[in-house]
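Participant: Handing you this structure, nothing more for now.
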Amino acid sequence: MPLPPSERHPGLGASRLYFVCEARPHGAEPGPLLGAALEGGAGMLELREESSGDDAWLIDAARPFREACAVHAVPFILNDRPDLVEECDADGVHVGQDDTPVADARESLGADYLIGLSTHSPEQIEAACSAPPQARPDYISVGPVWETPTKEGRPATGLELIEHAAREVTLPWFAIGGIDTSNVGDVVAAGAGRIVVVRALRDAGDPAAAARTLRDALEAGREAWSDG
């Protein structure tokens with residue numbers, strides 16, 4: 001039986017801002033950007049690398065992500081490569097609907113690792129939440145809310161899916177897709193308490209400040225819900 005997510009990594013429950021980044025953002029070493037994002041309030045990091053580098057290259061590229069996460073005691077997630085999670089010293093893996101099934105990733109990794117899953121429809125959300133324990137992800141992402149070049153060709157789901165998730169999801173979940181400091185309030189108003197971002201931090205002139213703005217918006221939303 002898999003462990004509860006809180007026992008696999010206690011940082012998952014506290015995470016509100018999840019930063020996904022490639023190995024060399026804008027061709028640079030990632031350490032300064034990752035550190036700034038975490039200092040500003042990011043609570044999870046994911047290495048998502050779609051280049052053709054070999055496995056040894058990816059394992060080496062994971063090192064600054066692992067080190068940054070260790071300093072801040074937050075989860076480090078590897079995208080789409082459950083077979084390299086241990087070699088990268090990651091805390092888990094995030095998979096898509098067409099990637100390794102959650103059940104197969106769990107069988108491969110065992111009980112100690114986090115597994116996240118992308119969802120894009122009410123049906124996929126329901127399937128994730130109602131799956132048997134060995135096939136149930138620890139958390140899901142919901143979206144993309146708006147079209148984004150990081151997932152070119154995937155249609156936007158709009159805020160309606162976020163509203164649906166706020167009513168129905170029984171797992172930790174993160175809104176994703178085109179979210180930044182200009183529209184995070186709309187996502188929070190639709191019911192999201194956690195978000196995933198890429199460009200909002202990677203491309204920010206001051207990533208720490210951008211992270212603080214996003215995290216503050218999420219915290220303000222939580223306080224408003226509590227007051228309501």
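The values are calculated or read from the model by the stated rules, or taken from the named source; none is laboratory data. Keep in mind the model is a prediction, meaning the values are calculated, not measured. FYI the Cβ positions are ideal-geometry reconstructions off the backbone, even for glycines, and counts take in every protein chain you see. Please note that ligands, DNA and RNA were not included when accessible areas were found on the heavy atoms of the full protein model with its side chains. Shrake-Rupley method; radii C 1.70, N 1.55, O 1.52, S 1.80 Å.
Participant: Taking the chain as a Gaussian network, Cα atoms linked when under 10 Å apart, which of Gly43, Gly11, Gly53 shows the biggest mean-square fluctuation?
Facilitator: Judging by the Gaussian network model, the answer is Gly53.
Participant: Still on this structure, please answer the following. Select from Gly193, Gly96, Gly27 the residue whose mean-square fluctuation is largest in a Gaussian network model of the chain (Cα-Cα springs shorter than 10 Å).
Facilitator: Gly27
Participant: Given the convex hull over the Cα atoms of segment 13-156, what projected area results after averaging over all orientations, in nm²?
Facilitator: Average projection, Cα convex hull of segment 13-156: 8.8 nm².
Participant: Charges only on Cβ, +1 for Lys and Arg, -1 for Asp and Glu: so what's the dipole of the chain about the Cα centre, in debye to the nearest 20?
Facilitator: Magnitude of the dipole: close to 520 debye.
Participant: Can you give me the solvent accessible area of Leu58 with a 1.4 Å probe, rounded to the nearest 10 Å²?
Facilitator: Roughly 20 Å² of Leu58 is accessible to a 1.4 Å probe.
Participant: Let me ask you something else. At 0.692 mPa s and 37 °C, plugging the Kirkwood radius over alpha-carbon pairs of segment 131-228 into Stokes-Einstein gives what diffusion coefficient in µm²/s?
Facilitator: Answer from the Stokes-Einstein relation: 233 µm²/s.
Participant: Please check: in the Gaussian network model of the chain (C-alpha springs, under 10 Å), which one of Asp89, Asp186, Asp138 has the largest mean-square fluctuation.
Facilitator: Of the options given, Asp186 has the highest mean-square fluctuation.
Participant: So, for the chain, what is the accessible surface per residue at a probe of 1.4 Å, expressed in square angstrom?
Facilitator: Computed with neighbouring chains in place, this is 45 Å² per residue.
Participant: Next question, about the same structure. Return the long-range amide H neighbours of Gln97 (sequence gap of 5 or more, or a different chain), with a cut-off of under 5 Å between placed amide H atoms.
Facilitator: Ser118
Participant: Follow-up question, since we're still on this one. Got a sec to turn the phi values of segment 187-194 into Karplus ³J(HN,Hα) couplings, 6.51 cos²θ - 1.76 cosθ + 1.60 with θ = phi - 60°, whole Hz, x for Gly and Pro?
Facilitator: 5, 5, 4, 7, x, 7, x, 9
Participant: Note down the relative contact order for segment 76-167 as a percent, whole number, built from C-alpha pairs under 8 angstrom at least six residues apart.
Facilitator: Over segment 76-167, the number comes to 21 percent.
Participant: Treating only the Cβ atoms of Lys and Arg (+1) and Asp and Glu (-1) as charged, compute the dipole magnitude of segment 158-227 about its Cα centre; round to the nearest 20 debye. Don't jump to the answer; show the numbers that get you there.
Facilitator: On the way: 7 positive and 11 negative charges, 51 e Å.
It comes to approximately 240 debye.
Participant: Also, I was wondering about something else. Might you report the magnitude of the Cβ-based charge dipole of segment 151-193 about its Cα centre, with Lys and Arg at +1 and Asp and Glu at -1, to the nearest 20 debye?
Facilitator: Dipole magnitude for segment 151-193 comes out near 120 debye.
Participant: Could you grab the Rg to Rh ratio for segment 63-114? Cα atoms only, Kirkwood for Rh.
Facilitator: Here Rg/Rh amounts to 0.98.
Participant: Using a Förster distance of 41 Å, how high is the FRET efficiency between Ala127 and Arg63, based on the Cβ-Cβ distance and rounded to 0.05? Kindly include the intermediate steps, with their values, before the conclusion.
Facilitator: On the way: r = 35 Å, r/R0 = 0.86.
Once rounded, the FRET efficiency stands at 0.70.
Participant: Here's a follow-up. I need the phi-derived Karplus couplings for segment 16-32: 6.51 cos²θ - 1.76 cosθ + 1.60, θ = phi - 60°, integer Hz, Gly and Pro marked x.
Facilitator: Karplus values, whole Hz, x for Gly and Pro: 10, 10, 10, 9, 9, 8, 7, 5, 10, x, 6, x, 9, 4, x, x, x.
Participant: Could I ask something else about it? Just check segment 81-159 against the gyration tensor rule for me: Cα atoms, a ≥ b ≥ c as the square roots of the eigenvalues, rounded for a/c under 1.5, and otherwise prolate or oblate depending on whether a/b exceeds b/c.
Facilitator: oblate
Participant: In square angstrom, rounded to the nearest 10, how much accessible surface does Ser182 have for a 1.4 Å probe?
Facilitator: Taking all protein chains as shown, Ser182 has close to 100 Å².
Participant: Quickly work out the Arg167-to-Val71 label distance, labels modelled 7 Å from Cα along the C-beta direction, and quote it in nm with one decimal.
Facilitator: 4.4 nm
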